[in-house]
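Here's the structure we're looking at; comments come further down.
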Ligand code: NAD
């Protein structure tokens, strides 16, 4: 079956132009509506039922930590069992539906989210300190995952191509795995949650979604959309709560068939290890998908358009406060143009406004006090290791939240902490390379391999980077963030992950297994 037989051709959801006064006003009105809904309770969702518990987790606004975004129910061991019961009960009927039936539900879910996209984005402003464009882009990506995977699933209906054997019919086809645990991070709190849930679901699996305890409320709002779209109960279940109660318990559970994780290397390694162990009652080896961190570099050589390079660096380094896995945290510049590029980067950095997301500043607050302290710790380390060129501390005048000044370190040595470890905040390390060869070696000199970029007019170097720059997503002469679903399949190598390539044509196949049936006539 071809997707175009059923649905209009896939195209990514457009963002919004907030310089248009009416678009801006409409979004501010959505913020006011959602402001009126802040502070309410959000139960678990198990088997289509809202389940309240006797303990609640506060989700607060990073820009105004006294503001309660909402309270999420904290699940315990009993709820985990109920969620597995519901997901396995739903698996049989759900997995037997025709693929196009499930695909249609994803297209319907996309339509529901599109109708509610300003509301959803407004929640992201309050819960994660996303400015307007970052918030709309996150919602657009969530919609794209639904639309794209709906179409891609249809390619997996036909049996695999095999050869004939006399007197027999041999058919090899794909079937879903079972119940998966979906563990997304807080940074693309809607997009990654939705993508990592609906991908496995469209091909017939059922899931238990466990969002980050830093951003559980948007997950509950998403479940309203799931209901509105008409998904059967038990197909997508939501358990919220503390990592200590839920993380290991879900990963270790003998009824977990696969884990679809996005987050840090430390958590990913732990999951990898624990999921490898076969626990009593378990009948399979768990499949594990791990998309993890990065220490992403942008190389600028002496042939580059230096103005464009500086703009790409600042957008990639400080967009959403540097809290994207794709964010540029290392700017590697060849010596001839180092001072000029650094000067241009500092000029653009100085122009960034820092303040509350609801006022749509360029740079908002970082997600939690814990991250705030951790990032400021790296800033202090950087002051001992390199030359502080911009920022360097708290941005207290921006408000009472977790605001940090966009920070640039110059002459950063390759072996320093700030050049090697993922900081995940608004901190950029500028490194000097003698020439392109050294720049490429520096870029590849980490345990990661997620995103990277080259700004150059030299064709031979661009071609070399295509082959030798060891990253899952390489960007040439543009910013290194903002991968589009279905256009730039996303995911890294090495310690950045298992390369499942979200938003790519191979993604759904990972959540299926192949069965071969041979009949002799
Ligand atoms: P994290 O590892 O702290 O948490 C990720 C998820 O794992 C959360 O839901 C968290 O609650 C859960 N978790 C924590 N302990 C667990 C345990 N013991 N067992 C099971 N689950 C557990 O990461 P984070 O701070 O939420 O996210 C930031 C990280 O995610 C960064 O490293 C970033 O680079 C990475 N990231 C990667 C991608 C990608 O596509 N490669 C995309 C976005 C973010």
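The values are calculated or read from the model by the stated rules, or taken from the named source; none is laboratory data. These figures come from a predicted structure and were not determined experimentally. When we count neighbours, we look across all protein chains shown, and the Cβ atoms used for this are built from the backbone with ideal geometry, even at glycine.
Just to verify a result, which residue in region 285-306, among those that are within 25 Å of residue 243 (Cβ to Cβ) and surrounded by fewer than 23 Cβ atoms within 10 Å (Cβ to Cβ), is farthest from the ligand (Cβ to nearest atom)?
Per the stated criteria, the residue is 285.
Each row is one residue, and each column tells you yes or no for (1) at pLDDT 95 or above; (2) under 19 Å from residue 260 (Cα atoms); (3) within 16 Å of the ligand (Cβ to nearest atom).
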{"residue": "147", "(1), (2), (3)": "yes, no, no"}
{"residue": "153", "(1), (2), (3)": "yes, yes, no"}
{"residue": "164", "(1), (2), (3)": "yes, no, no"}
{"residue": "175", "(1), (2), (3)": "yes, yes, no"}
{"residue": "185", "(1), (2), (3)": "yes, yes, yes"}
{"residue": "191", "(1), (2), (3)": "yes, yes, yes"}
{"residue": "205", "(1), (2), (3)": "yes, yes, no"}
{"residue": "210", "(1), (2), (3)": "yes, yes, yes"}
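Which condition number does residue 5 fail, the rest of (1) closer than 27 Å to residue 146 by Cα; (2) at pLDDT 95 or above; (3) surrounded by fewer than 16 Cβ atoms within 10 Å (Cβ to Cβ) being met?
(2)
Residue-wise test of (1) touching a helix residue (DSSP H, G or I) at 6+ places or on another chain (Cβ under 6 Å); (2) within 11 Å of residue 217 (Cα to Cα); (3) at pLDDT 95 or above.
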residue	(1), (2), (3)
27	yes, no, yes
42	yes, yes, yes
59	yes, yes, yes
63	yes, no, yes
66	no, no, yes
71	no, yes, yes
77	no, no, yes
88	no, no, yes
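Just to be sure, is residue 330 farther than 22 Å from residue 196 by Cβ, within 16 Å of the ligand (Cβ to nearest atom) and free of Cβ contacts under 8 Å to residues at least 12 places away in the same chain?
Criteria not met by residue 330.
Criterion first (more than 16 Å from the ligand (Cβ to nearest atom) and in contact with a strand residue (DSSP E or B) (Cβ under 6 Å, 6 or more places away or on another chain)) does residue 313 satisfy it?
Answer is yes for this residue.
With (1) assigned to a loop (DSSP other than H, G, I, E, B); (2) touching a residue at least 40 places away in the same chain (Cβ under 8 Å); (3) more than 13 Å from the ligand (Cβ to nearest atom) as the list, and residue 228 as the residue in question, which single condition is left unmet?
Only one criterion is unmet by residue 228, namely (1).
Can you tell me which residue is surrounded by the fewest Cβ atoms within 10 Å (Cβ to Cβ) among those in region 348-361 that are in contact (Cβ under 8 Å) with a residue 12 or more places away in the chain and out of contact with any strand residue (DSSP E or B) (no Cβ under 9 Å at 6 or more places or on another chain)?
Residue satisfying both the conditions and the ranking: 348.
Restricting attention to region 202-224, report how many residues are assigned to a helix (DSSP H, G or I), crowded, with 23+ Cβ neighbours inside 10 Å and touching a helix residue (DSSP H, G or I) at 6+ places or on another chain (Cβ under 7 Å).
5
When you scan region 141-152, do you find a residue that is touching a residue at least 60 places away in the same chain (Cβ under 8 Å), in contact with a strand residue (DSSP E or B) (Cβ under 6 Å, 6 or more places away or on another chain) and on the phi < 0 side of the Ramachandran plot, even just one?
no
Need the failing condition index for residue 238 against (1) buried (at least 24 other Cβ atoms within 10 Å of the Cβ); (2) away from the ligand (no atom under 16 Å from the Cβ), just the number.
Here residue 238 clears every test but (2).
Given region 397-503, what strands (runs of 3 or more DSSP E) lie entirely inside it while holding 3 or more residues that are away from the ligand (no atom under 12 Å from the Cβ) and buried (at least 24 other Cβ atoms within 10 Å of the Cβ)?
Fully inside region 397-503 and qualifying: 407-410, 427-433, 451-455.
Quickly run through region 251-277 and pick out the residues that are within 21 Å of residue 190 (Cα to Cα) and within 9 Å of the ligand (Cβ to nearest atom).
Correct list: 259, 261, 262, 263, 264, 265, 267, 268.
Working only within region 349-395, note down all residues that are in a helix (DSSP H, G or I) and in contact with a helix residue (DSSP H, G or I) (Cβ under 7 Å, 6 or more places away or on another chain).
Hits for region 349-395 are 349, 357, 358, 378, 381, 382, 385.
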